Amino acid sequence: MVTASSAPAPLTFKAYAGRWFDEGPSRRGWKPSTVAEYRAVRRRLVDAFGPMRLAEIRPRHVAAFVSAQADSGRAPASIARDLAVLHALFKTALREELVDQNPAAAAERPKVKRREWRILQPAEIARVAKAFTDDQARLVFLTLVLTGIRRSELQALRWGDIDLLEGVLRVRESKSDSGRRSIALPPTLAAALTDHYRRTAFKGDDELVFCHPERGTVYSANVFSEALRAALTAAGVEATLRSFHDLRHASLTNGAAAGESPIALMTRAGHANMATTKQYLHLAGTVFPDEAARLEQRLLGGGLSTPASTHLSAPEPTSADPAPHESVVAEPGNRL
């Protein structure tokens, strides 16, 4: 017989959250960088909901958490991230039948102001590249703007991931399955990587391409950010950049403007779907007239010709007109 004194204590949010966060790397495939990022999120959520019974947390409690965070001056984007983690936690608890609802599902997200990206233009990129005084920082800059890879992907690159003969860079360590991809190296970047390989003391397949020049450890984001700011100033480019991610946007947006097809852009970016890629097409204001002409050629054989007899006012063909069975195909226009 189970007595009241021997019944298990109700599951608190703190107890469940502890288990959920600890299982993140094994059950949900979190990378070390994600675990580090979520430490502060975990602390804030436990501070807000810790002693409460997991099954008794309601939407009003989540709303109060959002209001308190906003009143403390936290940025809307940071609050939205905490809510996303809380929603994922309760989604797991719901699947495990520990709660009867997800209280974060209907929570009102704080409005995140759309960021205006500063996209470096081609002439600016050329000037900035010349302005670097550190060869490795210049190569990092060229790699970011010519491939569009993420900061974490660049820092994880090893020489075994780069085929200089074939001109291919393979991203093996990424935030998602779709992020693992192969990217063609343009000649300028391939040549610069070849020179870097000759200079570096760390040439093994398992050694980092970009690293501390003496220790071979992970390349410092702060070192690059400082070198980038100095290069921008020296090049006379007024821009406040968040270094890595802004340069990724510059690469993908300029790729779209240069006529890179949406599917090629999505693949190079390592996006899981076209919805994310579309923002770069919108930023570039890009249309693809050549692709439209090629689709017409494939589907319609160059276009549809309308017989003269189908329109009462159509003029009779003259010797200067093409024969009715011939179709006139306009040459595709130059890509904008």
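The values are calculated or read from the model by the stated rules, or taken from the named source; none is laboratory data. What you are looking at is a predicted structure, and each value in this text was computed from that prediction instead of being measured. Positions of Cβ are backbone-derived with ideal geometry, glycine not excepted, and every protein chain shown enters the neighbour counts.
Report yes if some residue within the stretch 26-36 is in a helix (DSSP H, G or I), outside the structural domain of Gln155 (by TED's automatic domain parsing), within 30 Å of Glu153 (Cα to Cα) and in contact with a Ser or Thr (Cβ under 7 Å, 6 or more places away or on another chain); otherwise report no. Spell out the reasoning first.
Within the stretch 26-36, the subset in a helix (DSSP H, G or I) is 26-27, 32-36.
Then keep just the ones that are outside the structural domain of Gln155 (by TED's automatic domain parsing); that gives 26-27, 32-36.
Pick out the ones that are also within 30 Å of Glu153 (Cα to Cα) and you get 26-27, 32-36.
Keeping just the survivors that are in contact with a Ser or Thr (Cβ under 7 Å, 6 or more places away or on another chain) gives 33.
There is at least one residue in the stretch 26-36 that is in a helix (DSSP H, G or I), outside the structural domain of Gln155 (by TED's automatic domain parsing), within 30 Å of Glu153 (Cα to Cα) and in contact with a Ser or Thr (Cβ under 7 Å, 6 or more places away or on another chain).
Just to verify a result, which residue in the stretch 151-169, among those that are touching a residue at least 12 places away in the same chain (Cβ under 8 Å) and out of contact with any Leu (no Cβ under 9 Å at 6 or more places or on another chain), is nearest to Arg268 (Cα to Cα)? Lay out the reasoning, then the answer.
The first filter runs over the stretch 151-169 and keeps only residues touching a residue at least 12 places away in the same chain (Cβ under 8 Å), leaving 151-162, 164, 167-169.
Now drop any that are not out of contact with any Leu (no Cβ under 9 Å at 6 or more places or on another chain), which leaves 152-153, 160.
Values: Ser152: 15, Glu153: 12, Gly160: 19 Å.
Going through the qualifying residues, I end up with Glu153.
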| Enumeration of residues in the stretch 204-215 that are touching a residue at least 12 places away in the same chain (Cβ under 8 Å) and surrounded by 12 or more Cβ atoms within 10 Å (Cβ to Cβ) | Glu207, Leu208, Val209, Phe210, Pro213
| field | Residue within the stretch 69-80 that is surrounded by 18 or more Cβ atoms within 10 Å (Cβ to Cβ), over 30 Å from Thr253 (Cα atoms) and at pLDDT 90 or above present | value | yes
| So which residues in the stretch 51-76 are in contact with a strand residue (DSSP E or B) (Cβ under 7 Å, 6 or more places away or on another chain), closer than 22 Å to Ala106 by Cα and outside any helix (DSSP H, G or I), if there are any at all? | Met52, Arg53
| For residues in the stretch 134-165 being in contact with a helix residue (DSSP H, G or I) (Cβ under 9 Å, 6 or more places away or on another chain) and of a type in the set (Gly, Ala, Ser), which is farthest from Thr188 (Cα to Cα)? | Ser152
| task | Could you grab me the full set of residues in the stretch 143-182 that are farther than 21 Å from Ala129 by Cα and among the β-branched types (Val, Ile, Thr)? | result | Ile162, Val168, Val171
| said: Considering only residues that are basic (Lys, Arg) and assigned to a helix (DSSP H, G or I), which ones fall in the stretch 227-258? | reply: Arg229, Arg248
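Only one residue in Leu54, Leu98 is in contact (Cβ under 8 Å) with a residue 40 or more places away in the chain, farther than 23 Å from His245 by Cα and surrounded by 15 or more Cβ atoms within 10 Å (Cβ to Cβ), so which one is that?
Answer to the selection: Leu54.
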